[in-house]
Amino acid sequence: MLDEESTLRQESAAEAVAALLSAIVDSSNDAIVSKTLDGIVTSWNRAAEQLFGYTAAEMIGQSITTIIPPELRAEEDYVLGCIRRGEKIEHFETIRQAKDGHRLNISLTISPVRDSRGLIIGASKIARDITEKKRLEREREELLAREREVSQRLADALAARDELIAIAAHELRNPLNVFLLTLQLLHRICGTAAGFDQAQRLIEKAHRQLGRMTTLVDRLLDVSRVRSGTFELYRERFELSGLLMEVIGRFTSEDPSLEIVLDLEPGIECDWDRIRIDQAVTNLISNAVKYSLQKPIEVSAHISCGMVTIAVRDQGPGISPENLGRIFERFERVTEQIDKRGLGLGLWITRQIAHAHGGTIHAESEFGKGSTFVITLPPHI
Ligand code: ADP
């Protein structure tokens, strides 16, 4: 009699514990699920219903793979393997799929469930929704990546600025040295009877060096004009071949051995900024001179279909196809010949001038076979 009573008491105590546990599981904010060793769901609490969208009635008796995305099904074999060995899996971060198809980032803690004899008969899982945490982590990573990119770009810009200052200083230093030396020589020969002719030559030389320095400073000023939007055109009417002859004359008077072949259509009247077009053509011809290795340069100008084309062709080393797309960018210098490198601004400014006149510039070149630069502009803007 006493034994019966104590068994009854034990049973009701066990029932009370089970009821308590079930109440705790049901009121938990985490999804708590149990399954057999074959992955068949045996319990499914209210939080699991809310998280995955399946009711307990829908899930109990079904395979747990219902909520595992197809490409992650192998995870279940791994999990069941651990459980069979009596191992617990803690904070396993993975992805599950809700009834409406949307995916959730969850953290799983999975423990083996044993019967009264200690045999493993299944597993209990606690799933915590970490979608928001993962989203914040991703946002943080993206923010950090963006920050790294911005500081890299800043570092690159600073390095480019430092390089530009070094190149500009070097480029200005050379003509300045020649200029100073020329002045010293002038000073020395002043007053000597034979000095007049020599003085004239020295003055011309000093003039040329001053011209180079002015061009360099002008290019640097043009960069800030374009950046600040104050790059303006002063239009006037002029005849194109006249301007081109003037530009070419400057080159040949500086170097009488220079061979320039002309093909200029006469009578092309244009309403352009004469000084800027002079600058653009000068840039193209001075590049051609710099790279053409004493071979003849061709300059042509024509009008056809209402557009004017000015072309400068040289027989220099040419430009490789991958570099052709870069040479019109600011500070791009792609030549192998280091001694011929300038600021990398001439073509960029030339393109700005062509665009400001409503036109274009492009280069045609085959590596080793010379280059042709073509400016195409409407005659009246
Ligand atoms: P830079 O002031 O250095 O001459 P440019 O903007 O005029 O700069 O030219 C950019 C680069 O394009 C040059 O550094 C050179 O590598 C290449 N380039 C320009 N013109 C020619 C040409 N006629 N032949 C070969 N390469 C050229």
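A few notes on this one:
- Filtering segment 236-254 to residues that are more than 14 Å from Gln279 (Cα to Cα) and in contact (Cβ under 8 Å) with a residue 24 or more places away in the chain leaves Glu236, Arg237, Phe238, Glu239, Ser241, Glu254.
- Taken over segment 299-327, the criterion of being more than 10 Å from the ligand (Cβ to nearest atom), surrounded by 15 or more Cβ atoms within 10 Å (Cβ to Cβ) and touching a residue at least 60 places away in the same chain (Cβ under 8 Å) is satisfied by Ala301, Ile303, Val308, Thr309, Ile310, Ala311.
- Some residue of segment 344-358 being of a type in the set (Phe, Trp, Tyr), surrounded by fewer than 20 Cβ atoms within 10 Å (Cβ to Cβ) and near the ligand (Cβ under 8 Å from one of its atoms): no
- Test for Glu259: is it of a type in the set (D, E, K, R), in contact with an Asp or Glu (Cβ under 9 Å, 6 or more places away or on another chain) and in contact (Cβ under 8 Å) with a residue 12 or more places away in the chain: no
- Phe331 under 28 Å from the mean Cα position of the chain (by Cα), within 30 Å of Tyr234 (Cα to Cα) and within 11 Å of the ligand (Cβ to nearest atom): yes
- Any chance Ile68 is within 29 Å of Lys134 (Cα to Cα), surrounded by 10 or more Cβ atoms within 10 Å (Cβ to Cβ) and at pLDDT 95 or above: yes
- Members of segment 266-298 that are within 32 Å of the chain's Cα centre (by Cα) and either farther than 17 Å from Ile361 by Cα or more than 10 Å from the ligand (Cβ to nearest atom) (or both): Arg276, Gln279, Ala280, Val281, Lys290, Tyr291
- Test: residue in segment 197-207 that is under 42 Å from the mean Cα position of the chain (by Cα) and not β-branched (Val, Ile, Thr): no
- Counting only strands (runs of 3 or more DSSP E) that fall entirely inside segment 265-381 and contain at least 2 residues that are small (Gly, Ala, Ser), the qualifying elements are 297-304, 360-365.
- Of the residues Glu149, Glu132, Glu163, the single one that is modelled with pLDDT of 95 or more and either among the acidic types (Asp, Glu) or touching a helix residue (DSSP H, G or I) at 6+ places or on another chain (Cβ under 6 Å) (or both) is Glu149.
- Some residue of segment 34-50 being at pLDDT below 85 and within 23 Å of Ser107 (Cα to Cα): no
- Taken as a whole, the condition of being modelled with pLDDT under 90, within 11 Å of the ligand (Cβ to nearest atom) and of a type in the set (Ser, Thr, Tyr) does not apply to Thr372.
The values are calculated or read from the model by the stated rules, or taken from the named source; none is laboratory data. It should be emphasised that the depicted structure is a prediction, and the values quoted were computed from it without experimental measurement. Ideal geometry is used to build each Cβ from the backbone, glycine not excepted, and the neighbour counts take in all protein chains shown.
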